[in-house]
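Just so you know, all these numbers are worked out from the coordinates, no wet-lab data involved. Keep in mind that this is a model prediction, so the values were computed, not measured. Every residue, glycine as well, gets a Cβ built from its backbone with ideal geometry; the counts of neighbours run over all protein chains shown.
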């Protein structure tokens, strides 16, 4: 199945329109229904350099919740795990 409205297709279209001869090399991904910054390398060499540093990346996840919390803000220091049965 070809997916027309993807980040990869958008970036490759931009490269074509601006006469840049690069490929699409995502350094990481975003989960479905998640927003944020995506780092895209223009070459596989740069992508591999980022991969070596990946353990040094720090990610923050913010949530909008309903109800009352005991304070204006709280911090949850808990690892994010895989959803049971998920292939991701």
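When peptides 45-51, 17-23 are ranked by their average number of other Cβ atoms within 10 Å per residue, the highest-first order is 45-51, 17-23.
Quickly estimate the mean residue ellipticity at 222 nm for the chain, helices only: each DSSP H run with n ≥ 4 gives -39500 (n - 2.57), and the total goes over all residues, rounded to 500. Please list the in-between numbers first.
Numbers: 2 runs with 21 residues, N = 88.
Helices in the chain give a 222 nm mean residue ellipticity of -7000 deg cm²/dmol.
Rg of the Cα atoms in the chain, relative to 2.2 N^0.38 Å, amounts to 1.47. On full extension, the segment bounded by residue 15 and residue 78 gains 18.7 nm, given 0.36 nm per residue less the C-alpha separation.
Please work out how much length the chain gains when fully extended from residue 68 to residue 32, using 0.36 nm per residue of separation minus the C-alpha to C-alpha distance, in nm with one decimal.
Details: separation 36, 0.36 × 36 = 12.96 nm, distance 2.73 nm.
Here the answer is 10.2 nm.
Sorted by mean Cβ packing within 10 Å, highest first, what order do the peptides 30-41, 54-65 take?
Values: 30-41: 10.4, 54-65: 6.5.
Ranked from most to least packed, the peptides come out as 30-41, 54-65.
Using Cα atoms only, what is the angle between the long axis of helix 7-17 and the major principal axis of the chain, expressed in degrees (0 to 90) to the nearest 10? Between the helix axis and the principal axis of the chain, the angle is about 30 degrees. The simple Förster model, with R0 at 22 Å and r as the Cβ-Cβ distance, assigns residue 5 and residue 39 a FRET efficiency of 0.60.
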